[in-house]
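Here's the structure we're looking at; comments come further down.
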Amino acid sequence: MTATIESPRSGRIAPQYRRSGGSKGNFEMIAWLFMRLSGVVLVVLIFGHLFVNLMVGEGIHAIDFGFVAGKWADPFWQFWDLAMLWLAMLHGTNGVRTIINDYAEKSSTRRWLKTVLYAAAVVIILLGTLVIFTFNPCPVVDGVALPGGFCPA
Amino acid sequence: MPTKPAGTLYRGREGMWSWVGHRITGVVIFFFLLVHVLDTSLVRVSPEAYTAVIGAYKNPLMALGETGLVAAIVFHAFNGLRIIAVDFWKKGAKYQRQMLWAVLALWIVTMVAFSIRHLSLALGGH
């Protein structure tokens, strides 16, 4: 006589223990992949950003309103900075989300911290995007146009 | 067949400490990024407001702070590429330790070059 042992994983796994088909989908896998893909792009964007802003010419001494205006008068740098803003914020927000999940043990604490994190991320991404696209590189202050080689005479 | 269990990748020694360094530098960079978007947004307020606030970056203490920030960014960048190699390269896990030493060597070379250029600009004349 041999006892019949039911095959494991024969469809009697409680729903909360199933690894696929849950409500979360494969969000965590997408997030993991995003960290790697955005990471590679960010290395290029941020190293370029640091080189152009700090290493070339006068370095940090050259940075003032005219410097930023000169860069953003060019769509190339507008999109460079826009890509850097979005990728860095999403990469950083996902990184901090991981850290909160690791160290905040109470689920209410986790929820609170992540709510604050997501709110800050949305505000910063929207603010930065708005500034890049609604910025006027050639403002007129007190009736006087600021000088800038990139401005119409 | 291995005769003894292989060492774990992420407990103790280089694997764990690079992970700790990656987390700490990541958080530092994230908080700087929040502040950096806010200070840059001042260009939208007025040219004077931006130039005044950015002027606060131009002193010797901030020059050291910027060097520290760039050190964090460069470590996070190079170690991030190492993590990608560990995950996607067939021999990545086997050579993760050697790759960390390569990361640290490249980090030192990059930081020596950056520090000489940035500090001589920031602390020099003007």
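Specify which of the listed residues (A:LEU85, A:LEU42) is within 11 Å of chain B (Cβ to nearest Cβ), more than 23 Å from B:VAL45 (Cβ to Cβ) and of a type outside the set (Phe, Trp, Tyr).
A:LEU42
Within the stretch B:65-93, can you find the residues that are surrounded by fewer than 19 Cβ atoms within 10 Å (Cβ to Cβ) and free of Cβ contacts under 8 Å to residues at least 24 places away in the same chain?
B:GLY65, B:GLY68, B:LEU81, B:ILE84, B:ALA85, B:ASP87, B:PHE88, B:TRP89, B:LYS90, B:LYS91, B:GLY92
Identify all residues within the stretch B:38-91 that are facing chain A (nearest Cβ under 9 Å), part of a loop (DSSP other than H, G, I, E, B) and polar (S, T, N, Q); write none if there are none.
Selection gives B:SER46 alone.
I'd like to check something: does the stretch B:97-114 contain any residue that is part of a loop (DSSP other than H, G, I, E, B), more than 25 Å from A:HIS49 (Cβ to Cβ) and more than 9 Å from chain A (Cβ to nearest Cβ)?
no
No lab work stands behind these numbers, since they all come straight from the coordinates. Since this is a predicted model, take the numbers as computed values, not measurements. Glycine also receives a Cβ, built like all others from the backbone with ideal geometry; neighbour counts cover every protein chain displayed.
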